[in-house]
């Protein structure tokens, strides 16, 4: 079975640097696409901790996850160990961290390891479903009824994450598993997309375009909406 994939990343319109990292690795233009036999690994990471620290954390996490083996959760834990270990060895990077949403595609199944507020979505038969839960202050406050989604979107603490790679030697990793069907499309993305583009609009961009065109359209839509953060997406298609 051959999967089609496309990856794209962009600094956005406000920030002068890109603290996101993703797998498969994009080319110099920030985009890449191709075909892959199973198993297929895809991941996005959104770094934090300042210009240098954020870029280092997300890159280290992606590299460590890609170089390791085992389940999605085990790969995310390997990413955490790499970031924590580097911060201990290089004190100027203390406090760096990153989100990570990692997907393994194999034998008709999707396994996700997830930490932070990047997201995974499943697009099937014209419907888009978020399959990860944000580890963020806003998600917790919405779940408790303290805020509505509209209030959370403009809250001054809307960027606060409650769980991240690199913060502690042991990290709690969410595991999500889904059975895949022919024609399914999976989207991994950082919050530079989801804070700029509504889910209904994301679904529209995923509806008919090829994986590379869909990835490009999502990046462009986030930038049209203001591009306030770095934007990264990976689109993976299961053939019909």
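The values are calculated or read from the model by the stated rules, or taken from the named source; none is laboratory data. These numbers were taken from a predicted model, which means no experiment stands behind them. Neighbour counts are summed over all protein chains in view; Cβ atoms, including those assigned to glycine, are modelled from backbone coordinates with ideal geometry.
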Practice problem: Mind listing just one residue for me: the one in segment 185-199 that is in contact (Cβ under 8 Å) with a residue 60 or more places away in the chain and over 28 Å from residue 1 (Cα atoms) and, of those, surrounded by the most Cβ atoms within 10 Å (Cβ to Cβ)? | Solution: 192
Self-check item: Residue satisfying all of: in segment 221-233; in contact with a helix residue (DSSP H, G or I) (Cβ under 9 Å, 6 or more places away or on another chain) and assigned to a helix (DSSP H, G or I); nearest to residue 100 (Cα to Cα) among these
Solution: 222
Practice problem: Please verify whether segment 3-21 includes one or more residues that are part of a helix (DSSP H, G or I) and touching a residue at least 60 places away in the same chain (Cβ under 8 Å). | Solution: no
Quiz item: Within the bounds of segment 63-71, is there any residue that is in contact (Cβ under 8 Å) with a residue 40 or more places away in the chain and not in a helix (DSSP H, G or I)?
Solution: yes
Quiz item: Within segment 22-56, restricting attention to residues that are assigned to a helix (DSSP H, G or I) and either touching a residue at least 60 places away in the same chain (Cβ under 8 Å) or within 15 Å of the chain's Cα centre (by Cα) (or both), which residue is surrounded by the most Cβ atoms within 10 Å (Cβ to Cβ)?
Solution: 54
Quiz prompt | Residue in segment 149-161 that is modelled with the highest pLDDT, counting only those that are in a helix (DSSP H, G or I) and within 22 Å of the chain's Cα centre (by Cα) | solution = 149
Exercise. Only residues in segment 216-240 that are in contact (Cβ under 8 Å) with a residue 24 or more places away in the chain and at negative phi count as the first member; pair them with residues that are surrounded by fewer than 19 Cβ atoms within 10 Å (Cβ to Cβ) and part of a helix (DSSP H, G or I), Cβ under 7 angstrom, at least 6 apart or cross-chain, and list the lot.
Key: 221/201
Quiz prompt | Segments classed as strands (runs of 3 or more DSSP E), wholly inside segment 80-148, with at least 2 members that are surrounded by fewer than 21 Cβ atoms within 10 Å (Cβ to Cβ) and at negative phi | solution = 109-115, 119-124, 127-130
Self-check item: Top-ranked residue in segment 57-77 [being in contact with a helix residue (DSSP H, G or I) (Cβ under 6 Å, 6 or more places away or on another chain) and crowded, with 18+ Cβ neighbours inside 10 Å; ranked as farthest from residue 238 (Cα to Cα)]
Solution: 57
Quiz item: Taking segment 193-214 only, how many residues are under 19 Å from residue 46 (Cβ atoms), assigned to a helix (DSSP H, G or I) and in contact with a helix residue (DSSP H, G or I) (Cβ under 9 Å, 6 or more places away or on another chain)?
Solution: 3
